[in-house]
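What follows is one structure encoded as structure tokens, with my remarks underneath.
The values are calculated or read from the model by the stated rules, or taken from the named source; none is laboratory data. Only a predicted model underlies this, so the values are computations on that prediction, with no experimental measurement involved. Positions of Cβ are backbone-derived with ideal geometry, glycine not excepted, and every protein chain shown enters the neighbour counts.
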Amino acid sequence: MKAYLAILSSRFRILIQYRAAALAGIGTQLFFGVVRMMIFDAFYRSSSALQPMTREQVITYIWLGQAMLLLTMLAADTDVAAMIRTGNVAYEMTRPIDLYSLWFTRALSGRAAPLLMRAIPIFLFAGLFFGLRGPASVAAGVMFVVSLLGGLLLAASMTALLTISLLWTISGEGISRLAPAPIFFFSGIAIPLPLFPGWLQWFIAVLPIRGLIDTPLRIYLDHLAGADAVAALAHQYIWVLVLIIAGRAILARGLRNLVVQGG
Amino acid sequence: MPQIVVENLVKTFQVAARAPGLWGSFKGVFKREYREVRALDTVSFSIEQGELVGYIGPNGAGKSTTVKILSGILVPDSGLVSVMGRTPWVDRVEYVGKIGVVFGQRTQLWWDLPVIESFDLLRDIYAVPENKYRAIRDELIAMLDLRDLLDITVRQLSLGQRMRCDLAAALLHDPELLFLDEPTIGLDAVSKLAVREFIGHLNRGRGVTVILTTHDMDDIEALCRRVLVIGNGRILSDGTLSDLRASVTRERWLTVDLADDASLATFADPDAQLIRQEGRRFCLAFDPKRVSVPDLIARIARNYSVHDLFVENPPIEVIIARIYAQGHAEAGGARASPIGRSH
């Protein structure tokens, strides 16, 4: 366990050095937050029909979503991709630690470090200037933290799967370009998921992708409360478990047929 | 029981073969030809605790594949491996805690971290107790002269500095067995000597078993009492370096630099064979049993105007190349058999 914590903290220290990237990210996310807020403002003004979310809820959903954007930007680990391309992955296997746990740990720090650096300033900024509200209740706040952690684990287990796929594809370019499309659509980062048409809801509800940000956001808003919130949390954590088990099985298979590039 | 036992190890790789040109690429989209390459073909050997064994062979002979199987990275098709009583690819996580591995062309240090932080991280990964870690680390720092490098990030190190740090990194957990895959590749003369001296010291002083693969025959001559030669996936020879040389040829080489162009066309000697000529430089092979070195030199000096000459053993590379050629002939030629298969 100590080994993984040490790796987590060292990765964290490395990633926290990328301050310019974080600043640029904050700027971009604020800009798109304003754009999205204006779009939904126009939508609510022009429609008199009753919507599944209030305008205030949507604004908080958008801004908190912007703060958590990095949970939806998933791609294969570029360091592992480089290791596989050059054959350095051989060294990863000479460590007395479980390779899946190692890659999962890397994925976790790869999501958590930049998320923290961007989420807090955006959260404060949007709270001050754009109408981001606090959690609906103390209970909602506590459950939000639990589901935020769930979203983080989900993002890490998905990233680990993408990374493992590199054992077959080597470059990872393709999968890292394909993955964002369904995630963009079904995570809620484009349009809050409750606003999707009814006939699509069951499909969205089954997919693990909603666990990334939609579940934490709606728990925060009390849009999912009580039994619904517990069910959403269960959905999130069960998917984490399923993806970890699948990732381990696929990795074990990949390692049996491993070829180290470059001799 | 020997520390390492390898029996009938076989490993094949599938190599996608594509016909050349545009049409070949197009065909490759629909039907791929796979060629099966036998990287290891029934390799067997055993190594005792405390040995320092050179493992050599041409590129693609199967050296690295063997090392990667022995260090738990690759899984063989068939065969038996027992290192310190364990099967590397089965008990990988426990097993690799007891071995050290250095791949000369790669680094196991963290590119973005200072060297000392990489060491600390390895301490945590290998769960080395703090007291033991400090003692070993300080000893390695002294032996490899790393004191000035510790605060530098790895990416800023020169190749020679990095290799010294990599050697230390592979030894922090005090392994009984060390695999070195081309540890001197690309190093300058000074660094090479430092690395060699360190490896020798480690083996003699601490009794660490070392398996060294290299293309640098000076490494082998300086360090290895025993040499395993692999070619085309098979062990071709196993013994001391002088045995190896004697088993292949008694031949010596004489290199002659002529002083002028007068006899360029006619230069020859009845007891020596011309191997190659570059300008005024002639390289001859001869059998010292048939003609003694002084006789041959005297005769050539008499018949031609000689600027310079020297006698040497054929480079070990040539010996290896001959063993390789012999092994190839005995095995009946090509072993890589193409098999067509759609995928």
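Out of the residues in the range A:1-31 that are within 9 Å of chain B (Cβ to nearest Cβ) and of a type in the set (A, V, I, L, M), which is farthest from A:Phe129 (Cα to Cα)?
By that ranking, first place goes to A:Ala3.
Among all residue pairs at least 6 apart or on different chains, which show Cβ distances below 8 Å where the first residue, located in the range A:218-234, is without any contact (Cβ under 8 Å) to a residue 12 or more places away in the chain and the second is part of a helix (DSSP H, G or I)?
A:Leu224/A:Thr215; A:Leu224/A:Arg218; A:Leu224/A:Ala232
Based on what the data block shows, is B:Ile73 at pLDDT 90 or above, under 19 Å from the mean Cα position of the chain (by Cα) and of a type in the set (Val, Ile, Thr)?
Details: at pLDDT 90 or above: no; under 19 Å from the mean Cα position of the chain (by Cα): yes; of a type in the set (Val, Ile, Thr): yes.
In short, no.
Residues being under 21 Å from the mean Cα position of the chain (by Cα), surrounded by 15 or more Cβ atoms within 10 Å (Cβ to Cβ) and not hydrophobic (A, V, I, L, M, F, W, C): count how many of those fall in the range B:1-49.
Here the count works out to 5.
Taking the conditions exactly as written (small (Gly, Ala, Ser), assigned to a helix (DSSP H, G or I), touching a residue at least 60 places away in the same chain (Cβ under 8 Å) and surrounded by 14 or more Cβ atoms within 10 Å (Cβ to Cβ)), does A:Ala3 satisfy them or not? It would help to see each step written out before you state the result.
Working: small (Gly, Ala, Ser): yes; assigned to a helix (DSSP H, G or I): yes; touching a residue at least 60 places away in the same chain (Cβ under 8 Å): yes; surrounded by 14 or more Cβ atoms within 10 Å (Cβ to Cβ): yes.
Answer is yes for this residue.
Can you pull out the helices (runs of 4 or more DSSP H) entirely within the range A:179-263 that have at least 2 residues that are of a type in the set (Lys, Arg)? Let's see the steps before the verdict.
Numbers: elements: A:180-186, A:198-206, A:214-220, A:227-256.
Hits in the range A:179-263: A:227-256.
With respect to B:Leu284, determine if the residue is surrounded by 15 or more Cβ atoms within 10 Å (Cβ to Cβ), touching a strand residue (DSSP E or B) at 6+ places or on another chain (Cβ under 7 Å) and touching a residue at least 40 places away in the same chain (Cβ under 8 Å). Working first, answer last.
Numbers: surrounded by 15 or more Cβ atoms within 10 Å (Cβ to Cβ): yes; touching a strand residue (DSSP E or B) at 6+ places or on another chain (Cβ under 7 Å): yes; touching a residue at least 40 places away in the same chain (Cβ under 8 Å): no.
No: the conditions fail for B:Leu284.
Does the range B:60-82 include one or more residues that are farther than 20 Å from A:Ala90 by Cβ and in contact with a helix residue (DSSP H, G or I) (Cβ under 8 Å, 6 or more places away or on another chain)?
no
Looking at the range A:89-124, which of its residues are more than 9 Å from chain B (Cβ to nearest Cβ) and either touching a His at 6+ places or on another chain (Cβ under 8 Å) or of a type in the set (Lys, Arg) (or both)?
A:Arg106, A:Arg111, A:Arg118
Facing chain A (nearest Cβ under 8 Å), β-branched (Val, Ile, Thr) and within 30 Å of B:Asp216 (Cβ to Cβ), is that true of B:Val101? It would help to see each step written out before you state the result.
Numbers: facing chain A (nearest Cβ under 8 Å): yes; β-branched (Val, Ile, Thr): yes; within 30 Å of B:Asp216 (Cβ to Cβ): yes.
Answer is yes for this residue.
Of all residues in the range B:121-144, which are more than 8 Å from chain A (Cβ to nearest Cβ) and either of a type in the set (Asp, Glu) or not in a helix (DSSP H, G or I) (or both)? So that I can check it myself, show each step before the final result.
Pass one, the range B:121-144, residues more than 8 Å from chain A (Cβ to nearest Cβ): B:122-123, B:128-144.
Scanning the range B:121-144 gives B:Val128, B:Pro129, B:Glu130, B:Asp138, B:Glu139.
Would you pick out the residues in the range B:90-114 that are out of contact with any strand residue (DSSP E or B) (no Cβ under 8 Å at 6 or more places or on another chain) and either closer than 22 Å to B:Gln49 by Cβ or among the hydrophobic types (A, V, I, L, M, F, W, C) (or both)?
Residues satisfying the conditions are B:Val90, B:Asp91, B:Arg92, B:Val93, B:Val96, B:Gly97, B:Leu109, B:Trp110.
Mind checking which residues of the range B:172-194 are within 22 Å of B:Thr66 (Cβ to Cβ), in contact with a helix residue (DSSP H, G or I) (Cβ under 6 Å, 6 or more places away or on another chain) and either of a type in the set (A, V, I, L, M, F, W, C) or free of Cβ contacts under 8 Å to residues at least 60 places away in the same chain (or both)?
B:Phe179
When you go through B:Ala142, B:Ala170, B:Ala135 one by one, which is the residue that is surrounded by 15 or more Cβ atoms within 10 Å (Cβ to Cβ) and among the small types (Gly, Ala, Ser)?
On the way: B:Ala142 fails: surrounded by 15 or more Cβ atoms within 10 Å (Cβ to Cβ); B:Ala135 fails: surrounded by 15 or more Cβ atoms within 10 Å (Cβ to Cβ).
Of the residues listed, the single one that is surrounded by 15 or more Cβ atoms within 10 Å (Cβ to Cβ) and among the small types (Gly, Ala, Ser) is B:Ala170.
Go through B:Thr12, B:Thr42 for me and flag whichever is on the phi > 0 side of the Ramachandran plot and either in a helix (DSSP H, G or I) or modelled with pLDDT of 85 or more (or both). Explain how you work it out, then say what you get.
Values: B:Thr12 fails: on the phi > 0 side of the Ramachandran plot.
Only one candidate passes the filter, namely B:Thr42.
Looking at (1) out of contact with any helix residue (DSSP H, G or I) (no Cβ under 6 Å at 6 or more places or on another chain); (2) within 19 Å of A:Leu241 (Cα to Cα); (3) touching a residue at least 40 places away in the same chain (Cβ under 8 Å), which is the only condition A:Pro194 fails?
Here A:Pro194 meets the rest and fails (2).
Checking the condition closer than 23 Å to B:Gln326 by Cα and in contact with a strand residue (DSSP E or B) (Cβ under 7 Å, 6 or more places away or on another chain), which residue from B:Leu254, B:Leu274 passes? So that I can check it myself, show each step before the final result.
On the way: B:Leu254 fails: closer than 23 Å to B:Gln326 by Cα.
The match here is B:Leu274.
Just checking, which of B:Pro88, B:Pro76, B:Pro58 is more than 9 Å from chain A (Cβ to nearest Cβ), of a type outside the set (A, V, I, L, M), under 15 Å from B:Phe179 (Cα atoms) and in a loop (DSSP other than H, G, I, E, B)?
Numbers: B:Pro76 fails: under 15 Å from B:Phe179 (Cα atoms); B:Pro58 fails: under 15 Å from B:Phe179 (Cα atoms).
Among B:Pro88, B:Pro76, B:Pro58, only B:Pro88 is more than 9 Å from chain A (Cβ to nearest Cβ), of a type outside the set (A, V, I, L, M), under 15 Å from B:Phe179 (Cα atoms) and in a loop (DSSP other than H, G, I, E, B).
Kindly indicate whether A:Ile84 is modelled with pLDDT under 90, more than 20 Å from the chain's Cα centre (by Cα) and surrounded by 23 or more Cβ atoms within 10 Å (Cβ to Cβ).
The answer is yes for A:Ile84.
From the list B:Phe45, B:Phe13, which one is over 18 Å from B:Leu228 (Cβ atoms), in contact (Cβ under 8 Å) with a residue 12 or more places away in the chain and touching a strand residue (DSSP E or B) at 6+ places or on another chain (Cβ under 6 Å)?
On the way: B:Phe45 fails: over 18 Å from B:Leu228 (Cβ atoms).
The match here is B:Phe13.
Going by the structure shown, is B:Trp111 of a type in the set (Phe, Trp, Tyr), more than 7 Å from chain A (Cβ to nearest Cβ), closer than 25 Å to B:Ile136 by Cα and part of a loop (DSSP other than H, G, I, E, B)? Don't jump to the end; show me each part of the working.
Working: of a type in the set (Phe, Trp, Tyr): yes; more than 7 Å from chain A (Cβ to nearest Cβ): yes; closer than 25 Å to B:Ile136 by Cα: yes; part of a loop (DSSP other than H, G, I, E, B): yes.
Considered against the rule, which asks whether it is of a type in the set (Phe, Trp, Tyr), more than 7 Å from chain A (Cβ to nearest Cβ), closer than 25 Å to B:Ile136 by Cα and part of a loop (DSSP other than H, G, I, E, B), B:Trp111 comes out as yes.
Looking at (1) in a loop (DSSP other than H, G, I, E, B); (2) within 30 Å of A:Asp98 (Cα to Cα), which is the only condition A:Leu167 fails?
A:Leu167 satisfies every listed condition except (1).
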